[in-house]
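A.B. asks: Pasting a structure here, questions to come.
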Amino acid sequence: MPEITVTVNGTEHRLDVHDRLLLTDLLRDRLRLTGTHLGCEHGVCGACTVLLDDLPVRGCLVLAVQADGRQVRTVESVAPDASTLHPVQQAMADCHGLQCGFCTPGIVMTLVAMHERDERPATDEVDEALSGHLCRCTGYRNITEAAHRALGCEREEARR
Ligand code: FES
Ligand code: FES
C-alpha cells in the first residue's frame, strides 16, 4: 500500500492509502473533513470541489495518491476564524444562497479560488464557473447573486 504525504488545510499527514482510494474518501473517511460533500461521484455535480495546489478540482475524480506531496484545501479552511466568515461565505449568507447547503461547499471552493486570483471577473465568467455546479434545490438565483457580490461583479457592472 503506497504511503503518501499530503498537506490538508495546512496540516501535513503521512498516510498509507490504497491505490484506488479517492481524494474525497481520504478527506471524509480518513481525516473526518466531512464538509466536502459527495453527490454524483462521477465528476458532474461539483459538490466535491476542493482546492489542489490552489486550483479547484473534483475530489471524486482525483486519487489520493495523486495528492502526494501537494496541498489540499477544503471548506473547513476557508473562514479566517470561528466567528468570521470568508467574504464568499458571507455573501452566500447575505444573499440567501445557502438553501439546504449540500452543494454550497463545492461552490464556495470554486469561488474562493476565483476570489484569490483577484481579477474582478465579469459576470459571465462567474456564471460559467457556477455552471460546473448542480444544485438540487435549484435555487440558482440567490447563489448567482452571492457569487457576483463576493467577486465584485456588481461594482464592475456599475463602472460600465
Ligand atoms: S461528487 Fe464529485 S462531481 Fe459530483
Ligand atoms: S442548496 Fe440544496 S443542493 Fe444546492
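The values are calculated or read from the model by the stated rules, or taken from the named source; none is laboratory data. Just so it is clear, the model here is predicted, and its values are computed rather than measured. Cβ coordinates were reconstructed from backbone atoms using ideal geometry, including for glycine residues, and neighbour counts include every protein chain displayed. Remember, those area values only see protein heavy atoms, side chains included, never the ligands or the DNA or RNA. Shrake-Rupley method; radii C 1.70, N 1.55, O 1.52, S 1.80 Å.
Conditions tested, residue by residue: (1) of a type in the set (Asp, Glu); (2) closer than 28 Å to residue 136 by Cα.
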{"position": "4", "(1), (2)": "no, no"}
{"position": "24", "(1), (2)": "no, yes"}
{"position": "54", "(1), (2)": "yes, yes"}
{"position": "71", "(1), (2)": "no, no"}
{"position": "92", "(1), (2)": "no, yes"}
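A.B. asks: Only one of 118, 124 is on the phi > 0 side of the Ramachandran plot, more than 16 Å from ligand 2 (Cβ to nearest atom) and open to solvent by 80 Å² or more (accessible area, probe 1.4 Å). Can you tell me which?
C.D. replies: Testing whether each residue is on the phi > 0 side of the Ramachandran plot, more than 16 Å from ligand 2 (Cβ to nearest atom) and open to solvent by 80 Å² or more (accessible area, probe 1.4 Å) leaves just 118.
A.B. asks: Another question, then. Would you call residue 49 under 29 Å from residue 138 (Cα atoms), within 16 Å of ligand 2 (Cβ to nearest atom) and in contact with a strand residue (DSSP E or B) (Cβ under 8 Å, 6 or more places away or on another chain)?
C.D. replies: Yes, satisfied.
A.B. asks: Can you name the residue in segment 97-115 that is open to solvent by less than 60 Å² (accessible area, probe 1.4 Å) and touching a residue at least 60 places away in the same chain (Cβ under 8 Å) and is also farthest from ligand 2 (Cβ to nearest atom) among such residues?
C.D. replies: This residue is 113.
A.B. asks: Can you find a residue that is hydrophobic (A, V, I, L, M, F, W, C) and closer than 21 Å to residue 28 by Cβ anywhere in segment 137-145?
C.D. replies: No, segment 137-145 has no match at all.
A.B. asks: Confirm whether residue 135 is at pLDDT 95 or above, open to solvent by less than 30 Å² (accessible area, probe 1.4 Å) and in a loop (DSSP other than H, G, I, E, B).
C.D. replies: yes
Residue-by-condition table, conditions (1) within 16 Å of ligand 2 (Cβ to nearest atom); (2) open to solvent by less than 30 Å² (accessible area, probe 1.4 Å):
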residue: 7; (1), (2): no, yes
residue: 16; (1), (2): no, no
residue: 29; (1), (2): no, no
residue: 38; (1), (2): yes, no
residue: 44; (1), (2): yes, no
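A.B. asks: Report yes if some residue within segment 77-86 is open to solvent by 60 Å² or more (accessible area, probe 1.4 Å), in contact (Cβ under 8 Å) with a residue 12 or more places away in the chain and not basic (Lys, Arg); otherwise report no.
C.D. replies: Looking through segment 77-86, none of the residues is open to solvent by 60 Å² or more (accessible area, probe 1.4 Å), in contact (Cβ under 8 Å) with a residue 12 or more places away in the chain and not basic (Lys, Arg).
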